[in-house]
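A.B. asks: Provided herewith is a single structure, encoded as structure tokens, for subsequent inquiry.
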Amino acid sequence: MTQIFHDMLTELGITLFGEIATEAIVFNPVFRDACATNQCGKYGSNWACPPGVGTPEDLAARARRFTRGLVIQTVWPLADAFDLEGMMDAAARHNALFRRVAARIAAHQTPALALSAGACELCDSCTYARGEPCCRPDQAIASLEAYCIDVAALLDAAGLRYNNGPDTVSYVGLILA
């Protein structure tokens with residue numbers, strides 16, 4: 001990673017990050033099963049989520065076109081292990097910060113593929129449900145899970161921890177270049 005990217009991440013308050021080779025990414029289609037349970041309510045209603053985002057095979061092939069990745073992790077405090085509101089707030093804060101990082105990196109490094117936590121929520125109402133094309137395909141960010149990426153293995157490859165202590169929640173993003 002260049003000093004420019006390191007300085008930019010530090011400036012934005014990102015302290016947990018690591019670089020990996022794309023071949024270190026573990027793809028496992030079983031993660032798509034978690035999406036299909038539709039616990040988040042986005043399955044079949046969002047271009048950046050299954051099935052609209054593409055097949056596991058196509059997504060793995062798309063990711064493998066890149067040679068390296070920048071793994072970014074944020075850790076947020078929770079009131080307790082059951083603080084669902086805190087988890088949702090932390091996810092939104094992570095994704096907003098991740099979008100800033102992705103935009104700054106994209107200005108220096110193109111092409112790039114950014115993947116983060118959870119469904120894309122760029123638009124108030126995704127056009128997928130209406131059968132219309134994505135209105136912001138160059139800004140939509142799919143989730144690591146939609147791409148069937150094993151996040152625990154990704155963090156391990158980047159030298160980061162999956163669990164960052166009690167009463168915290170961690171979110172992860174990946175920028176491939």
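Read-outs: derived from the displayed coordinates by stated rules, not from any lab. Note that the structure is predicted; figures quoted are calculated from it, not measured. In this analysis, Cβ positions are derived from the backbone assuming ideal geometry, glycine residues included, and neighbour counts consider all displayed protein chains.
A.B. asks: Let me know the Kirkwood hydrodynamic radius for the range 3-176, please, with Cα pairs as the basis and the value in Å to one decimal.
C.D. replies: Details: mean 1/r = 0.0605 Å⁻¹.
The Cα-based Kirkwood calculation yields 16.5 Å.
A.B. asks: Where in the range 131-169 does the amide nitrogen come within less than 19 Å of the point 7 Å from the Cα of R65, taken along Cα to Cβ?
C.D. replies: Of the residues in the range 131-169, 134-144, 146-149 have backbone N under 19 Å from the label point off R65.
A.B. asks: Describe numerically, in nm with one decimal, the distance between label points set 7 Å from Cα along Cα→Cβ at A153 and at T15.
C.D. replies: Between A153 and T15, the simple spin-label model gives 3.0 nm.
A.B. asks: Can you sort F17, F98, F82 from fewest to most other Cβ atoms within 10 Å of each residue's own Cβ? Don't skip to the end; give the middle numbers.
C.D. replies: Values: F17 21, F98 24, F82 9.
By the 10 Å Cβ count, ascending, the order reads F82, F17, F98.
A.B. asks: Can you list the trypsin sites (Lys or Arg not before Pro) in the range 53-150 that are in a DSSP coil and have 11 or fewer other beta carbons within 10 angstrom? Display every interim value, and only then the final one.
C.D. replies: Details: sites: R62, R64, R65, R68, R93, R99, R100, R104, R130; in loops: R65.
Filter output for the range 53-150: R65.
A.B. asks: Once the Cβ-Cβ distance between D83 and T127 is put in as r, and R0 is 35 Å, what FRET efficiency do you end up with, to the nearest 0.05?
C.D. replies: Details: r = 33 Å, r/R0 = 0.94.
Between D83 and T127 the formula returns 0.60.
A.B. asks: Now, a different point. Per DSSP helix of 4 or more residues, -39500 (n - 2.57); summed, then divided by the residues of the chain. What does that give at 222 nm, rounded to the nearest 500?
C.D. replies: Numbers: 5 runs with 57 residues, N = 177.
Value at 222 nm, helices only, nearest 500: -10000 deg cm²/dmol.
A.B. asks: Still on this structure: For the range 3-176, what is the percent of antiparallel DSSP beta bridges, rounded to the nearest 5?
C.D. replies: On the way: 19 of 21 bridges.
That works out to approximately 90 percent antiparallel.
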